[in-house]
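Here's the structure, in structure tokens; my notes come after.
The values are calculated or read from the model by the stated rules, or taken from the named source; none is laboratory data. The model shown is predicted, which means the values in this text are computed figures rather than measured ones. Cβ placement follows ideal geometry from the backbone for every residue including glycine, while neighbour counts extend to all protein chains displayed. The protein model used for the area step is the full one, side chains on, heavy atoms only, and it has no ligands, DNA or RNA in it. Shrake-Rupley method; radii C 1.70, N 1.55, O 1.52, S 1.80 Å.
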Amino acid sequence: MNPASNLQKMLDGGHFAVSGELGPPKSADISTLKHHAEDMRKHVDAYNITDNQTAIVRTSSIGVAATLMQMGLEPTVQMTVRDRNRICLQSDLLGAVSFGVRNFLCLQGDHAMFGNEPGSKNVNDIDSMQLLETVKNMRDKNVFIGGEELEHPLPPVFIGAVVNPFADPFEYRPYRLAKKIAAGAQFVQTQCIFDIDRFEKWMEKVRDLGLHKKVHIIGGVTPIKSIGAARYMQKNVSGMIVPEELITRIKGSEDKKKEGLNICVETIQRLREIEGVAGVHVMAIAWEEVVPEIVERAGLYPRPSLD
Amino acid sequence: MIVGERKPLAEIAAMLEPFKKVCVLGCGTCVTVCLSGGEKEAAETVAALTLLWQKEGKSSEANSLTMLRQCEYEYIDDLAAKLSEYDAVLSLACGVGVQTMTTRLQDKIVLPGLNTTFMGYPLEQGVWTENCLGCGNCVLDLTMGICPITRCSKSMLNGPCGGSQEGKCEVSKDVDCAWQLIYDRLIKLDLLHRMETVQPPKDWSTSHHGGVRTTVREDVKLESGQ
């Protein structure tokens, strides 16, 4: 099968991939997001666009993807199963493919109680695993969940999933990755890596199972902007581990923002040394302007040109 | 059992505003056991309403009665004559009881005194917990007795999400992660391989999503079609 996207080309070609992340705003004015996208143009291979992240109503991922396509940039559309049933998920997938989106990241989504519409219904008609299999079956078997055939075959799409080495049961997490691969995942992005020792332990088991050869594993990183941000992630973001020593290190530094960036760059450098890690996903939500610096300092610039 | 919680007194008083003579009707089965709508709670509700109305200088009057099950016509019929003297019935049954009463006693106004919360069981004295959603297509054989549809906050069928930490669900530290429980149980039973199979999308048409459900058992129906 031909590569579906630049991101797939990069990963299949064995290049250490770099992706960025854009969080759409709580309005239809996406001018700031477009600036951020433009600023990272030469530094990332693709852009994740979050899907109502933390259950907060925002401009839709697919809507923003259309704009990115017009800008000549490559989106990875995040799709959670929280807000849409199988009719809508499959229909939105077709809609996004129709205007050129090829990378899809299938997620469960944070529970709606965390967001700004806590009284909403959590749909969860299918789960994230089933969404992966759905996209795979639409692409490879030309069928919808209900068994009916697509009227025209889907072009190649690149199917992604998320994995969280920091969630429990820890011993089960590598097997969950195996299951996601079986369901259709071609690449996976991890939850933000702050506890790199735990990540390495997880990777050891992943390699023992040979999973790094079946899927592209992209490590998630986030630069810590402030002590407050670190504390917030430590206490309020589900499934995240922020070790106390990281906070102590930033606290003890003269330039706290710079130290946050240093930690992020060091993390990427360590990730590059780990066998089986195929790329990095930089999630600098609300601090997008530092992405070029991080990518450059991590030695990942310029990006390979594959055309 | 069906678990309920009595509505706040102010809400009950507001819905009873237009009525002069009210029967607070307890139900003797599920809601008696979960201490929300039985004989005792009916009497307490009457006492509270009487006190409130006295304070407000209202002339309304309430009495309590209790029947075995408000969800069966035969018990409703036994009580129908007694209820005729009341302007309204405040039912302390679950939503099933309120609606069965309304269906059987078309001329009566039957109002809900409880919020029907869930199907569940008493975890300990004073604590009830939900464990069945009535989805119409039981999967407890796959997970060896722990329901992921009900007890996973995201009704996931294929293992724990990334929000499971230290055995707890991301929605609350007071809620166990159902998939941690299932994982532990499958290990104990040496059945962990079951979690490897990708479970296909669930057919929700057997649940409420398929519309209002009715069960018909031809073998036990009366010939007359009653």
Near B:K202, which aspartates and glutamates are there with a Cα under 19 Å away, not counting those fewer than 8 places off in the same chain?
A:D83, A:D125, A:D127, A:E133, A:E148, B:D141
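Is there a simple number for the mean count of other chain Cβ atoms within 10 Å of the Cβ of residues in A:199-205, and what is it?
Working: counts 0, 0, 0, 0, 0, 0, 0.
The mean count of partner-chain Cβ atoms within 10 Å per residue comes to 0.
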Where the accessible area of chain B is counted over protein heavy atoms with a 1.4 Å probe, how much of it, in %, is carbon and sulfur?
53
Averaged over the residues of A:114-123, the number of partner chain Cβ atoms within 10 Å of each residue's own Cβ comes to 1
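Over chain A, calculate the relative contact order: mean separation of alpha carbon pairs under 8 Å at least 6 apart, over the residue count, as a percent. Intermediate results must be reported in sequence, preceding the final value.
Values: 556 pairs, mean separation 59.3, N = 307.
Rounded, it is 19 percent for chain A.
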May I ask for log10 I(q)/I(0) of the stretch A:81-203 at q = 0.23 Å⁻¹, from a Debye sum over the Cα atoms as equal point scatterers with solvent left out?
-1.32
Show me the three semi-axes of the equivalent ellipsoid for the protein assembly as shown, from the C-alpha gyration tensor (sqrt of 5 times each eigenvalue), largest first, rounded to whole Å.
53, 26, 22
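Ranked highest first by average number of other Cβ atoms within 10 Å, how do B:4-11, B:181-188 line up? All intermediate terms of the calculation are to be shown ahead of the outcome.
Values: B:4-11: 15.9, B:181-188: 17.4.
Ranked by mean Cβ neighbours within 10 Å, highest first: B:181-188, B:4-11.
With a Förster radius of 60 Å, plug the Cβ-Cβ distance of A:S120 and B:A81 into 1/(1 + (r/R0)^6) and report the FRET value to the nearest 0.05.
On the way: r = 46 Å, r/R0 = 0.77.
Using R0 = 60 Å, I get an efficiency of 0.85.
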Do you know which residues of the stretch B:128-155 lose at least 50 square angstrom of accessible area in the protein assembly compared with their chain on its own, with a 1.4 angstrom probe?
B:K154
Leaving out same-chain residues fewer than 8 places away, which aspartates and glutamates sit with a Cα under 20 Å from that of B:K20?
B:E11, B:E44, B:E56, B:E61, B:E85, B:D87, B:D107
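Pairs to check: A:K136/A:K235; A:K121/A:K256; A:K214/B:K173; B:K7/B:K188; A:K256/B:K154; A:K9/A:K141. Give those whose C-alpha atoms are more than 31 Å from each other in this structure. Spell out each step's value before the answer.
On the way: A:K136/A:K235 36 Å; A:K121/A:K256 41 Å; A:K214/B:K173 35 Å; B:K7/B:K188 42 Å; A:K256/B:K154 38 Å; A:K9/A:K141 23 Å.
Flagged as over cut-off: A:K136/A:K235; A:K121/A:K256; A:K214/B:K173; B:K7/B:K188; A:K256/B:K154.
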Treating cross-link reach as a plain straight distance, find the lysines whose alpha-carbon is under 17 Å from the alpha-carbon of A:K251, omitting any fewer than eight places away in the same chain.
A:K225
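I'd like the mean, over residues of A:176-182, of how many other protein chain beta carbons sit within 10 Å of each residue's own Cβ. Before the final figure, lay out each step's value.
Numbers: counts 8, 0, 1, 6, 3, 0, 3.
Mean inter-chain Cβ contacts per residue within 10 Å come to 3.
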Taking R0 as 51 Å and r as the Cβ-Cβ distance between B:L68 and B:K173, the FRET efficiency 1/(1 + (r/R0)^6), rounded to the nearest 0.05, comes to 0.80
Using 0.36 nm times the number of residues separating B:D219 and B:E11, minus their current alpha carbon distance, what extension gain do you get?
70.5 nm
Per residue, how much accessible surface does chain B expose to a 1.4 Å probe? Answer in Å², no decimals.
55
What's the carbon and sulfur percent of the stretch A:6-297's accessible surface, probe 1.4 angstrom, rounded to a whole number?
50
Show me you know the interface measure: the accessible area buried between B and A, both chains summed, probe 1.4 Å, in Å² to the nearest 100.
2400
